[in-house]
């Protein structure tokens, strides 16, 4: 049985674990490792972010930003619009072209720009995201804006981005500039 870690010592270990991990660690995993509640981990992450630790909260868990793949040199922001039940199709279309969906952004009337980190790389990530949406009963951010939202996409080539965007256009997911 692991020894319960306290305060700054726990936060230092969290940073070390996140830096060493190739993928995300969930709040529950970190809570188990430190023998504290998930809520304590959420508070620890907030304190670490306040100290400028580059930790990203994604739907799959926490990622230390330096461990996020930096090989994707091409990035583009696109504007999409579709019904909530088409989200899985949209995301699968993108990852099937080798594109990473970094985030979703909406423009809220009261709060301004709201961004949620996704870091969806493959169909497994898409499935996990969709399952989490259903199991939590959460709403898609795009539901706040009648389906209109932005995604920041990353790929290893401009050709991958262009092909993915063309497929989105053909599927009717892109916001028309007319």
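No lab work stands behind these numbers, since they all come straight from the coordinates. None of these values were measured; they are calculated from a predicted model. Cβ sites come from the backbone with ideal geometry, for glycine too, and all protein chains shown count toward neighbours.
Put one equal scatterer on each alpha carbon of region 74-171, apply the Debye formula with no solvent term, and list log10 I(q)/I(0) at q = 0.12, 0.14, 0.15, 0.22 1/Å to two decimals. The Debye formula, applied to the Cα set alone, gives -0.35, -0.48, -0.56, -1.20.
Ranked highest first by the average count of other Cβ atoms within 10 Å around their residues, in what order do 75-82, 16-23, 99-106 fall?
99-106, 75-82, 16-23
Using the Cβ-Cβ distance between residue 130 and residue 51 with R0 = 35 Å, the FRET efficiency computed as 1/(1 + (r/R0)^6) comes to roughly 0.55.
Model label sites at residue 110 and residue 146, defined 7 Å from Cα along the beta-carbon direction, differ in position by 2.0 nm.
Arranged from highest to lowest average of other beta-carbon atoms within 10 Å per residue, in what order do the peptides 49-61, 84-96 appear?
84-96, 49-61
Cα axis of helix 87-96 to longest principal axis of the chain: angle in degrees, 0 to 90, nearest 10? Helix 87-96 sits roughly 90 degrees off the main axis of the chain.
Dividing the radius of gyration of the alpha carbons in region 7-67 by their Kirkwood radius gives 0.90 for Rg/Rh. Look at where the Cα atoms of region 9-24 and of region 143-174 average out, and the two centres are 32 Å apart. Site pair residue 83 and residue 176 shows an inter-label distance of 1.8 nm when each label is modelled 7 Å from Cα along Cα→Cβ.
With one equal scatterer per alpha carbon and no solvent term, the Debye-computed log10 I(q)/I(0) for the chain at 0.16 1/Å reads -1.02.
Working from Cα pairs under 8 Å separated by at least six residues, relative contact order for region 7-67 is 40 percent.
Rounded to the nearest 10 degrees, the angle from helix 123-136 to the longest Cα principal axis of the chain is 70 degrees.
Between residue 75 and residue 6, residue separation times 0.36 nm minus the direct Cα-Cα distance comes to 20.8 nm.
A Förster distance of 25 Å, applied to the separation of the beta-carbon atoms of residue 21 and residue 122, puts the FRET efficiency at 0.90.
Taking every Cα-Cα distance in region 81-123 and sorting them into 10 Å bins from zero, the calculated P(r) comes out as 26, 48, 22, 3 percent. What FRET efficiency comes out for residue 39 versus residue 139 if R0 is 30 angstrom and r is the Cβ-Cβ distance? Round to the nearest 0.05. Efficiency, from the Cβ-Cβ distance: 0.85.
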